[in-house]
Amino acid sequence: MAEAAPTGKSVPKAALDPLDLYGVRAALSEEERLVQDSVARLVDTEVLPVIQEAFEQHRFPRELVPKLAELGLLGSSLAGYDCAGLNAVCYGLICQELERGDSGIRSFVSVQSSLCMYPIHAFGSEEQKQRYLPRMARGEVIGCFGLTEPQGGSDPANMKTHAKRRGGDWVLNGAKMWITNGAIADLAVVWAVTPEGIRGFLVEKGSPGFTAPEIEHKFSLRASVTAALYLDNVVVPEERVLPGVVGLKGPLSCLTQARYGITWGVIGAAQACLRQMLDYTASRTLFGRALAQNQTIQVRLADMARRITSAQLLSLHLGRMKDEGTMQPVQVSLAKWNNCRMALDIARDARDMLGGAGISAEYVPIRHMLNLESVITYEGTETIHQLTVGRELTGFNAF
Ligand SMILES: Cc1cc2nc3c(=O)[nH]c(=O)nc-3n(C[C@H](O)[C@H](O)[C@H](O)COP(=O)(O)OP(=O)(O)OC[C@H]3O[C@@H](n4cnc5c(N)ncnc54)[C@H](O)[C@@H]3O)c2cc1C
């Protein structure tokens, strides 16, 4: 029987990337790898140097917007209108690398791309597309997406914000809550109830009766702007209504796009935590040996790698299905639930393995952990995604 290496002796390392044990990178196309590398460089040189301070100061590093735009990361998967027209896997990799930096930066790009540019691209008139999309791709117009209301985001069918016709215009009244980018947005896609059903309204900043105060005192996504939106008799002309969709399927189809990106994004946050824990546990000595030499520490690190690997394979497969046009919303729910839970658990465990140092922003896990508390909640809470999968399995709607 082969003898185990004596405790304390290191064994030769396999040439596997600990953050990519199944070689997902090798399954990418040349273009996908190039996109990943260019975003990784941006994160290393522009995001990581400023993000800790921005998070501590509760400040969105807006100076990054032109750099994100220059790389083609805003509306990257849309075709035409100065957008990059990349595939879904590229969009996923963009989210993954950005969230390796910070969930707040990835949130900015998700909202701009999937929640604001996507509905204009999918449901807008030609005039609306020409007016907004090229400027949004250049980062000159910042967008937000107003669906959630104060009385409960999980039940968007209970929407109170409404629009009534007045001559050739619409008059909007209501309130939206927890809106990413809200206070810095030049354009809000606001979903409101009309006599015909729920419709999307393009509300420009400065419209009389429209205000977007920032929500302060957040302990999560501190490097992202979150706001309430108030609409008090806001007049929106007919040409600012999205003509191509009526009903909840409008906002829900946007959420499917954004949630798909989140499934990739959170992998980046988890990878950042595992990377730091591999370094930390190798260099910290307790009881006369490296922390990484303890069995329970190795089990915890191995469990992180197991969960990251599963999430990577899930997202890659989902991305390929999205590119083939076969991806179903319930599959996105499963992946959003699985991957957010994976990343949050890893960030919490990494924070614990750092001991006291784990409460310091000098190490990344606590920032990722706090951010992921939002990411697991927004775009459908974990429970909502579980119930979506449950409905698919049983045929019973348990909401
Ligand atoms: C930082 C941040 C940014 C956000 N950005 C945006 C944005 O840009 N645009 C936007 O429109 N929204 C945004 N949101 C809102 C987000 O989508 C909602 O917070 C989320 O959908 C949950 O809604 P809620 O907060 O009203 O919680 P609620 O819907 O009140 O849910 C409260 C709790 O009840 C549970 N629950 C709900 N229904 C059931 C049920 N049937 N059975 C069992 N449990 C249930 C939920 O899982 C949750 O635990 C953001 C939120 C945050 C925190």
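Can you give me the number of residues within region 291-312 that are farther than 22 Å from Met369 by Cα and open to solvent by 70 Å² or more (accessible area, probe 1.4 Å)?
1
Open to solvent by less than 20 Å² (accessible area, probe 1.4 Å) and of a type in the set (Ser, Thr, Tyr), is that true of Ser333?
Numbers: open to solvent by less than 20 Å² (accessible area, probe 1.4 Å): yes; of a type in the set (Ser, Thr, Tyr): yes.
Criteria met by Ser333.
A quick yes/no check of all residues on (1) over 16 Å from Ala258 (Cβ atoms); (2) more than 15 Å from the ligand (Cβ to nearest atom):
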position: Gln151; (1), (2): yes, no
position: Pro156; (1), (2): no, no
position: Asp169; (1), (2): yes, yes
position: Asn173; (1), (2): yes, yes
position: Leu187; (1), (2): yes, no
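Kindly establish whether Glu63 is farther than 19 Å from Gly319 by Cα, assigned to a helix (DSSP H, G or I) and open to solvent by 10 Å² or more (accessible area, probe 1.4 Å).
Details: farther than 19 Å from Gly319 by Cα: yes; assigned to a helix (DSSP H, G or I): yes; open to solvent by 10 Å² or more (accessible area, probe 1.4 Å): yes.
Spelling it out, Glu63 is indeed farther than 19 Å from Gly319 by Cα, assigned to a helix (DSSP H, G or I) and open to solvent by 10 Å² or more (accessible area, probe 1.4 Å).
If the Cβ limit is 6 Å and pairs must be 6+ apart or interchain, which residue in region 169-188 that is of a type in the set (Asp, Glu) pairs with which residue that is modelled with pLDDT of 95 or more and open to solvent by 30 Å² or more (accessible area, probe 1.4 Å)?
That search, which allows pairs on different chains as well, returns Asp169/Val235; Asp169/Pro237; Asp186/Lys205.
Go through region 44-60 and count every residue that is of a type outside the set (Gly, Ala, Ser), touching a residue at least 60 places away in the same chain (Cβ under 8 Å) and outside any loop (DSSP other than H, G, I, E, B).
4
Mind counting the residues in region 206-248 that are of a type in the set (D, E, K, R), farther than 15 Å from Cys116 by Cα and away from the ligand (no atom under 13 Å from the Cβ)? Give the steps one after another, and end with the answer.
Step one: of region 206-248, the residues of a type in the set (D, E, K, R) are 214, 216, 218, 222, 232, 238-240.
Next, from what is left, pick out any that are farther than 15 Å from Cys116 by Cα: 214, 216, 218, 222, 232, 238-239.
In the following step, the residues that additionally are away from the ligand (no atom under 13 Å from the Cβ) were identified as 232, 238-239.
Qualifying residue count for the region: 3.
Which residues, counting only those in region 109-142, are closer than 12 Å to Val189 by Cβ, more than 10 Å from the ligand (Cβ to nearest atom) and not in a loop (DSSP other than H, G, I, E, B)?
Gln112, Ser114, Met117, Tyr118, Pro119, Ile120, His121, Ala122, Phe123, Gln128, Tyr132, Met136
Pull out all pairs, ordered by first then second residue, where Cβ-Cβ is under 7 Å, the residues are six or more apart or on different chains, the first lies in region 147-160 and is part of a helix (DSSP H, G or I) and open to solvent by 80 Å² or more (accessible area, probe 1.4 Å), and the second is near the ligand (Cβ under 8 Å from one of its atoms) and modelled with pLDDT under 95.
none
Filter region 370-382 down to the residues that are in contact (Cβ under 8 Å) with a residue 40 or more places away in the chain and more than 17 Å from Cys254 (Cα to Cα) and list them by number. Steps first, answer last, please.
First, pick out the residues of region 370-382 that are in contact (Cβ under 8 Å) with a residue 40 or more places away in the chain: 370-375, 378-382.
Leu370, Asn371, Leu372, Glu373, Ser374, Glu382 - these are the residues of region 370-382 that are in contact (Cβ under 8 Å) with a residue 40 or more places away in the chain and more than 17 Å from Cys254 (Cα to Cα).
Report, by residue number, each residue of region 124-136 that is touching a residue at least 12 places away in the same chain (Cβ under 8 Å), more than 22 Å from Glu70 (Cβ to Cβ) and open to solvent by 30 Å² or more (accessible area, probe 1.4 Å). Spell out the reasoning first.
Step one: filter region 124-136 for residues touching a residue at least 12 places away in the same chain (Cβ under 8 Å), giving 124-125, 127-130, 132-134, 136.
Filter once more, keeping what is more than 22 Å from Glu70 (Cβ to Cβ): 124-125, 127-128.
Hits for region 124-136 are Ser125, Glu127.
The values are calculated or read from the model by the stated rules, or taken from the named source; none is laboratory data. These figures come from a predicted structure and were not determined experimentally. A quick note on method: Cβ atoms are made from the backbone with ideal geometry, for glycine too, and the neighbour counts reach across all protein chains shown. Heads up: the accessible areas ignore ligands, DNA and RNA and are worked out on the full protein's heavy atoms, side chains in. Shrake-Rupley method; radii C 1.70, N 1.55, O 1.52, S 1.80 Å.
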